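The values are calculated or read from the model by the stated rules, or taken from the named source; none is laboratory data. Keep in mind that this is a model prediction, so the values were computed, not measured. Every residue, glycine among them, receives a Cβ derived from its backbone with ideal geometry; neighbour counts consider all protein chains shown. Surface areas here come from the heavy atoms of the whole protein model, side chains and all, with no ligands, DNA or RNA. Shrake-Rupley method; radii C 1.70, N 1.55, O 1.52, S 1.80 Å.
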Amino acid sequence: MLNLIIHNQSEDQKKAVDVIASENIRILEEAKTGENCYADSQGWLDTEEWAGEENIKRLEEIAKEIRENADAFVLIGVGGSNNAARSVIEALRKDDAPEIIYAGNTLSPDAMNRMMKRLEGKSIYIDCIAKNFETLEPGSSFRILRKYMEKTYGEEAGKRIIATGTVGSSLETLCTKYGYTFLEFPLNVGGRYTAMTNVGLLPMAVAGIDISELVKGARDMQIRVHEESAEKNIAYQYACLRNLYYKEGYRVEMLSSFEPQFRFFYKWWIQLFAESEGKDNKGVFPVAGEFSEELHSVGQFIQDGSPIMFETFLDVKKQNASLIVEPDEKEDYFDYLDGKDFWEINKAAYHATVAAHRKKLPCLTIEVDELDAYHFGQLFYFFQFACYLSCKIMGVNPFDQPGVEAYKKWMFEALGK
């Protein structure tokens, strides 16, 4: 399970956050049941809707075929179409699973050429994920990769091409016409909320992730935050704290951890909060701190720079690896580490950092029992639900993204569309 730790809170802050919590209980109760005004965006709220047992079984069957026949699986998608899957795959992928190659998330010719180079000599399957098949990055990459598949596999190419799109879209039409496998991208789930749908689950399953456990974790968190009272609700507490810090003038939240396995989870989390909350000239700007490396760079700003941020740490309780520092006869002045496990050393760095940073800025920790598929599912649902609440308290729509669409008009005009 997850646990929320507040590392520093004055009596005035405690009273202030209690006021925010008492004034917004209606928001929590509305979120638990779903709201009619957001009905077209809340397909993620009940994990059973798109991650039920029957759908998981189908995805596992497709993934099994791919694992048996592929050396590499190309995930074509940008933003919400790949961030959730990538965050879990890069943390937990199995060594005997196909290599996962990412495409459709850049327009750089150098990056795309390097990606294509990695396909040479490998048995390939591809999955183009696009809710709106007008999005340039995945659409252009899909064209390049389709031509590669047709050249390499001829008439058999269609059996190795998957597309995940909305029913009735031009992407579905393309699949029907050329015999590609089509999976549904839910119309009622925005990209950044799609971890528990075909969008996130198939690539994870191909990488050997136990998606049944992932969904179980999300489902258990769903039950928890839908049943807990406002006083005990972990998602509501976090949302209220974020809004308190925002009212106090903090405009940046840093999600930090000493575990590199969270590296791509940061990207998912940043998109979730930036795209959901950053509108109407409001919002907390989300950034990430990869520690301990970045303690030697941004750590200086955190300690002595402008007081603009609060910090949320991710900490894992159960040890997931071990490496003991053996004694060394050479005098290197690190004898104090003899016999210590790097897990212990890393934990000492975490606790020391919290102790230092809490002197300067508000600090929280989301404590995770174990770094596995189940707890990634917990984290996905927790942050999605908390983001929904935080946006509502702040007074912004949690599900639209008008700023994302704004640049596309100018880009398409420049390209002559």
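Numerical summary
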{"quantity": "Candidate set from the range 130-157 (those that are surrounded by 18 or more Cβ atoms within 10 Å (Cβ to Cβ), without any contact (Cβ under 8 Å) to a residue 60 or more places away in the chain and among the small types (Gly, Ala, Ser)); member that is nearest to ILE66 (Cα to Cα)", "calculated": "ALA157"}
{"quantity": "Pair list, Cβ under 9 Å, 6 or more apart: the range 274-295 residue within 17 Å of ARG263 (Cβ to Cβ), other residue in a strand (DSSP E or B) and of a type in the set (Phe, Trp, Tyr)", "calculated": "GLY289/PHE313; PHE291/PHE313"}
{"quantity": "Failed item, numbered, when TYR350 is tested on (1) in contact (Cβ under 8 Å) with a residue 60 or more places away in the chain; (2) over 18 Å from LEU371 (Cα atoms); (3) assigned to a helix (DSSP H, G or I); (4) among the aromatic types (Phe, Trp, Tyr)", "calculated": "(2)"}
{"quantity": "Qualifying positions in the range 221-234 - surrounded by 16 or more Cβ atoms within 10 Å (Cβ to Cβ) and either among the acidic types (Asp, Glu) or in contact with a strand residue (DSSP E or B) (Cβ under 9 Å, 6 or more places away or on another chain) (or both)", "calculated": "MET221, ARG224, GLU228, ILE234"}
{"quantity": "Scope the range 45-68; condition out of contact with any Gly (no Cβ under 8 Å at 6 or more places or on another chain) and not charged (D, E, K, R); matching residues", "calculated": "THR47, ALA51, GLY52, ASN55, ILE56, LEU59, ILE62, ALA63, ILE66"}
{"quantity": "Checking GLY416 against (1) in the same structural domain as ALA235 (by the TED database); (2) open to solvent by 10 Å² or more (accessible area, probe 1.4 Å), the condition it does not meet", "calculated": "(1)"}
{"quantity": "Answer residue from the range 353-386, given it is in contact with a helix residue (DSSP H, G or I) (Cβ under 6 Å, 6 or more places away or on another chain) and in a strand (DSSP E or B) and is nearest to LEU244 (Cα to Cα) among those", "calculated": "CYS363"}
{"quantity": "Matching residues in the range 329-359 - criterion: being under 29 Å from MET309 (Cα atoms) and open to solvent by 70 Å² or more (accessible area, probe 1.4 Å)", "calculated": "GLU344, HIS351, ARG358, LYS359"}
{"quantity": "Residue in the range 368-377 that is in contact with a Phe, Trp or Tyr (Cβ under 9 Å, 6 or more places away or on another chain), modelled with pLDDT of 95 or more and over 30 Å from ASP18 (Cα atoms) present", "calculated": "yes"}
{"quantity": "The range 335-347, residues that are farther than 20 Å from GLU259 by Cα and in a loop (DSSP other than H, G, I, E, B)", "calculated": "ASP338, GLY339"}
{"quantity": "Test: residue in the range 105-113 that is open to solvent by 50 Å² or more (accessible area, probe 1.4 Å), touching a helix residue (DSSP H, G or I) at 6+ places or on another chain (Cβ under 8 Å) and of a type outside the set (D, E, K, R)", "calculated": "yes"}
{"quantity": "Check on GLU184, assigned by the TED database to the domain that holds ALA16 and acidic (Asp, Glu)", "calculated": "no"}
{"quantity": "Out of ARG242, ARG224, ARG251, ARG219, sole residue that is without any contact (Cβ under 8 Å) to a residue 60 or more places away in the chain and assigned by the TED database to the domain that holds VAL354", "calculated": "ARG251"}
{"quantity": "LEU314 surrounded by 13 or more Cβ atoms within 10 Å (Cβ to Cβ), under 22 Å from PHE265 (Cβ atoms), in contact (Cβ under 8 Å) with a residue 12 or more places away in the chain and not small (Gly, Ala, Ser)", "calculated": "yes"}
{"quantity": "Which listed residue is assigned by the TED database to the domain that holds ALA195 and closer than 30 Å to PHE383 by Cα, from ALA70, ALA130, ALA111", "calculated": "ALA130"}
{"quantity": "Some residue of the range 316-334 being at positive phi and either assigned to a helix (DSSP H, G or I) or in the same structural domain as ARG358 (by the TED database) (or both)", "calculated": "yes"}
{"quantity": "Selected residue [within 19 Å of ALA218 (Cα to Cα) and hydrophobic (A, V, I, L, M, F, W, C)] from LEU59, LEU107", "calculated": "LEU59"}
{"quantity": "Residue list for the range 365-375, restricted to those being over 14 Å from ALA235 (Cβ atoms) and touching a strand residue (DSSP E or B) at 6+ places or on another chain (Cβ under 9 Å)", "calculated": "THR365, GLU367, VAL368, ASP369, GLU370, LEU371, HIS375"}
{"quantity": "Count - residues of the range 280-297 that are open to solvent by less than 60 Å² (accessible area, probe 1.4 Å) and either at pLDDT below 95 or farther than 23 Å from TYR246 by Cβ (or both)", "calculated": "5"}
